[in-house]
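K.L.:
Sharing a structure below in structure tokens format, with a few things to ask.
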Amino acid sequence: TLTVFNILGQKIKTLVSRMHQPGRYTIIWDGTDSRDRQVTSGVYFYRIESGPEHDTRSMILLR
């Protein structure tokens with residue numbers, strides 16, 4: 001899965017929820033939450049999970 005969280009750790013949106021074959025993919029977040037409302041500029045985190053493996057990174061959204 002690929003999920004976006006705000007600075008408070010609240011889930012904003014799940015971008016990918018199904019399994020994919022190994023490979024390289026490009027996922028574009030349009031800056032909206034799960035209700036398709038635009039979120040504000042700021043620091044966000046994205047978490048990638050694949051089986052037992054996971055990684056969390058930060059990003060900055062500027063409007």
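Every read-out reported here was derived from the displayed coordinates using simple, explicitly stated rules and does not represent laboratory data. All values derive from a computational prediction rather than experimental measurement. Cβ coordinates were reconstructed from backbone atoms using ideal geometry, including for glycine residues, and neighbour counts include every protein chain displayed.
K.L.:
Do you know the relative contact order of segment 2-61, to the nearest whole percent, from alpha carbon pairs under 8 angstrom that are 6+ apart?
P.N.:
Over segment 2-61, the number comes to 33 percent.
K.L.:
Toward the positive end of the charge dipole of the chain, about the Cα centre and with charges on Cβ (Lys, Arg +1; Asp, Glu -1), which of S58, L2, V43 goes farthest?
P.N.:
With unit charges placed on the Cβ atoms, the residue in question is V43.
K.L.:
Would you kindly calculate the mean projected area, averaged across all directions, of the convex hull enclosing the Cα atoms of segment 2-61, in square nanometres? List each step's numbers first, then the result.
P.N.:
Working: hull surface 17.6 nm².
For segment 2-61, the mean projected area of the Cα convex hull comes to 4.4 nm².
K.L.:
Using the Cα centre as the reference, give the magnitude of the dipole from point charges on the C-beta atoms of segment 2-61 (Lys, Arg: +1; Asp, Glu: -1; all else neutral), rounded to the nearest 20 debye. Spell out each step's value before the answer.
P.N.:
Working: 8 positive and 6 negative charges, 16 e Å.
Dipole of segment 2-61, to the nearest 20 debye: 80 debye.
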